[in-house]
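What follows draws every value from the coordinates through simple rules; no lab data is involved. Here the structure is a predicted model, which is why all the values come from computation and not from measurement. Don't worry about glycine lacking a Cβ; one is built from the backbone with ideal geometry, like all the others, and counts go over all protein chains shown.
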Amino acid sequence: MDTREVKDNRKVLKEWSYDWTPLDKGYTDKTLYINVGTKEIKEKNVPLEMKEKFIGGKGYGLRLLWDATDPHTKWNDPENEIIIAPGPIGGITQYSGSGKSLVVTISPQTDSIIDSNAGGYFGPFLKFAGFDALEIQGKSDEDIVIFLDGINHKIEIFSAPFKSHDSHILAAQLTDMFADEEREKKNISIVSAGSAADNSLIGMLNFSFYDPKRKEVRLKQAGRGGIGTVFRDKKIVALVCKCPGVKGNLNNVVDLQVIQERGKKFNREMRELDDSQAQMKQVGTAHLMEIMNDHDLLPVHNYKFGSHPDIVKIDSAEWKRRFTQGVPDGCWIGCNMSCSKAVDNYVVRTGPYAGQTVIVDGPEYENAGGLGSNCGIFDSDYIIEANFYCDTYGICTITWGTLLAFLMECFENGILNEERTGGLKLTFGNSDAAMELLHMLSRGEGFGKIAGTGTRRMKKLFAENGWGDPGFLNDIGMENKGLEYSEYISKESLAQQGGFALTNKGPQHDEAWLIFMDMVNNQIPTFEDKAEALHYFPMFRTWFGLVGLCKLPWNDVEPENNAEADEPAKVPEHVDNYVTIYKAVTGREFDNKRLIEDSERVYNFQRVFNLRRGYGTREHDRQPYRAAGPVTVEEYESRAERYDTQMKELIGINPEGKNTVEKVKITRKYREEQYEKLVDAVYKRRGWNNNGVPKIEFLKKIGMDLPEVIEVVKSKQ
């Protein structure tokens, strides 16, 4: 049966028609609620208070999830929701990077609130179909597909018609199914997970977009925290959204000309400056590989080391060779960064798709660093293969790379052996064993099932089984709040340690990437300077997730004179672009100060949301020691000259005559004390008490003194 016959014969479980609301100043002021258990479908009006205080995107997701759940709701309870929301700027086509949407849910990994951003077309198409957010609740008793028909203005829930749930197949099938002709494919976007999301806690979501140049359906990911696992627990196989097409001023903005002018200026910067700066058009974020290696910041062997001589095998030159060049690689219409690189015509070597020719989206830096160097695997074919299978199976590549590196260090230290892993020799560099473990996970078999529970649960399991020392496992298990670290060495950057561990959701670099400011350029030398950076940058980056923007156009290409600005790390000219565009879309009075204030409200609301769930205090902001300093003798001795010099000059202790074990202990005491001082400074700057709880007077100051918020805060004081 071909896709047309499947479409004609699908088993519709519920159909609901709605009156379409066009966008006005970036909003419809409507959200769509679907309960996949009861099959209830309805639209909700967005209250004015919600719009003013939560803005859109992540803010809407947090507000809706708070209202839908209670402090005891678990990730796999029917009451848990998945919310997808793009934000008011999302969907404009006149400025690069405006296609992001934010996904919010209770995480299977952290038991708290996770948010993850994704490119692709689904978020903007959702808006054009008439809704500022999609709110999904309940649990279906069978596999289903949800179809948002933005042309005929109806919603369908129907029984999943295809056998395979893996994303690269499913997205293509559903795109074919709902496109009456080739040119309609670009007007369809699919959200899906994959077979491994059924069998793990680390599942992620793929958001599709159709590439008319290649005539291929491509994928972007909302990766962190197990959102795909929640998706599949609800028995959702896919979401499909179809819109009439993208043209002109669908957001109905206040001043389109202003946006066009700023967009043209940025596009000129891309044309003239990208090649001499980040080369995003040629290699995307993979340009960072040798930069991180040169600064001892590339994760190698579970973050033990920061560089490796084999980097040349997976550096940007290798990715430039593997990526198709000279094609428009934007993951949203009108984005000129073209950083969504892809490997075309890759012949799969292993697993169920061996021998098939596929397109592989990426690898990006995080994938090459996590799947590759962090696991000691300097093989571009392996990285491409693992990247492909993580995507189609529905597994977060950052999470997988980091937990796999942890397993490999455990194996090398005798905590694991072939008997415990089901015959897999998980040593650093063993790409065959690494691939087989991923396939085992997709099948829900053996040690693959254990690996899919994530680093935090594995640390506990290994300790309970008596396989390893709990202290050592906690030191080398690179997770915070239950979420695996993304792929940067933070040992020599105290600010970056805070940028990872002092996040609300866990150590993801989208809040604050401060390594160069702190470690390389020494721009923030004092605790107060670091605290100021750990206030401004998380708030600024939070704002991207409220309005539907990608952060890459902000600072991956900088204006010619940016170095002459008062605060070049903030790229003030681009900040002014965003302030101007937001005003031009919404008509709202707005400036740099209000940008931060909008973010502060939502950021602190998320902190209180964590508190409501029993988290969000100082103990949950602790970091594994590997993030701060050398855990092992080998690790210390790999940088002995640096550490000995620091001991003498910073700690005030002469290292001469001391053995390495003693020096490791001295270094650890100092670095842990420094981190606690940083936490004190950051809490103070953020308006929190010494336990990380927002102060009531600060919540009043920023306008987040909602009664339900104050009630939670009072209960934690």
Under 20 Å from LYS264, Cα to Cα: aspartates and glutamates that are on another chain or at least 8 residues apart: ASP255, GLU272, ASP274, ASP275, ASP329, ASP556, GLU558, GLU560, GLU573, ASP576
As computed over region 3-242, the Cα convex hull volume per residue (Å³): 116
Interatomic Cα distance distribution for region 110-203, bins of 10 angstrom, percent: 12, 44, 37, 7, 0
Estimated inter-spin distance, GLN325 and LYS44, nm [label 7 Å along Cα→Cβ]: 5.0
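Please give the length that would be gained between HIS295 and ARG622 if that part of the chain were fully extended, namely 0.36 nm times their separation in residues minus their C-alpha to C-alpha distance (nm, one decimal).
Details: separation 327, 0.36 × 327 = 117.72 nm, distance 2.54 nm.
Result for the pair: 115.2 nm of gain on full extension.
Report the relative contact order of the chain, percent, no decimals, based on alpha-carbon pairs under 8 angstrom and at least 6 residues apart.
Details: 1558 pairs, mean separation 100.8, N = 717.
For the chain, the relative contact order is 14 percent.
With the convex hull built on the Cα atoms of region 249-343, state its orientation-averaged projected area in nm².
Working: hull surface 33.1 nm².
Its average projected convex-hull area is 8.3 nm².
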Between region 1-41 and region 267-338, the alpha-carbon center distance in angstrom: 39
FRET efficiency, VAL258 to ASN659 (Cβ-Cβ, R0 51 Å, nearest 0.05): 0.20
Globularity ratio of region 329-401, using Cα Rg and 2.2 N^0.38 Å: 1.12
The chain: calculated mean residue ellipticity at 222 nm from DSSP helix runs of at least 4, using -39500 (n - 2.57): -11500 deg cm²/dmol
Gain upon complete extension [ASN9, TRP467; 0.36 nm per residue less C-alpha separation]: 159.5 nm
Fewest-first ranking of SER599, SER101, using other Cβ atoms within 10 Å as the exposure measure: SER599, SER101
Over region 256-484, equivalent-ellipsoid semi-axes from the Cα gyration tensor in Å: 35, 19, 16
Alpha-carbon gyration tensor eigenvalues x 5, square-rooted, for the chain, Å: 37, 30, 26
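Starting from 0.36 nm per residue, how many nanometres of slack lie between LYS25 and LYS313 once their C-alpha separation is accounted for?
Gain on stretching LYS25 to LYS313: 98.8 nm.
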Rg/Rg_globular for region 444-526, with Rg_globular taken as 2.2 N^0.38 Å and Rg from C-alpha atoms: 1.32
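Could you quote the convex hull projected area for region 1-58, Cα atoms only and averaged over all directions, in nm²?
Numbers: hull surface 25.8 nm².
Approximately 6.4 nm², given one-decimal rounding.
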Long-range tail of P(r) for region 494-715 (Cα pairs > 22 Å, %): 58
Centroid-to-centroid separation of region 346-423 and region 609-660 [C-alpha atoms, Å]: 28
Likely footprinting exposure, LYS100, LYS7, LYS341, fewest C-beta neighbours within 10 Å first: LYS7, LYS341, LYS100
Point-to-point label distance, LYS701-GLN277, nm (Cα→Cβ direction, 7 Å offset): 3.4
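Quick one: what do you get for region 83-154 if you divide its Cα Rg by 2.2 N^0.38 Å? Show your work: numbers first, answer last.
On the way: Rg = 13.9 Å, N = 72, 2.2 N^0.38 = 11.2 Å.
So region 83-154 has a normalised radius of gyration of 1.24.
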Burial ordering of THR21, THR28, THR397, fewest other beta-carbon atoms within 10 Å first: THR21, THR28, THR397
Per-peptide average of other Cβ atoms within 10 Å, ordering 185-197, 502-514, 427-439, 343-355 highest first: 185-197, 502-514, 427-439, 343-355
Whole-Å distance, taken between Cα centres, linking region 46-113 and region 533-572: 23
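When ranked by the protection proxy of mean other Cβ atoms within 10 Å per residue, highest first, what sequence do the peptides 539-550, 211-222 form? Mind showing how you got there, number by number?
Values: 539-550: 25.3, 211-222: 20.6.
Result, highest mean first: 539-550, 211-222.
Beyond 15 Å, what share of the Cα-Cα pairs of region 35-118 is found? Please give it as a whole percent.
63
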Pair-distance profile P(r), taking every C-alpha pair of region 557-684, with 5 angstrom steps and integer %: 2, 8, 12, 11, 10, 10, 12, 13, 10, 6, 3, 2, 0, 0
Where labels lie 7 Å past Cα in the beta-carbon direction, separation of GLU445 and ASP529 in nm: 5.5
Reach of LYS14 by Cα under 12 Å, taken over aspartates and glutamates that are not fewer than 8 positions away in the same chain: GLU40, GLU156
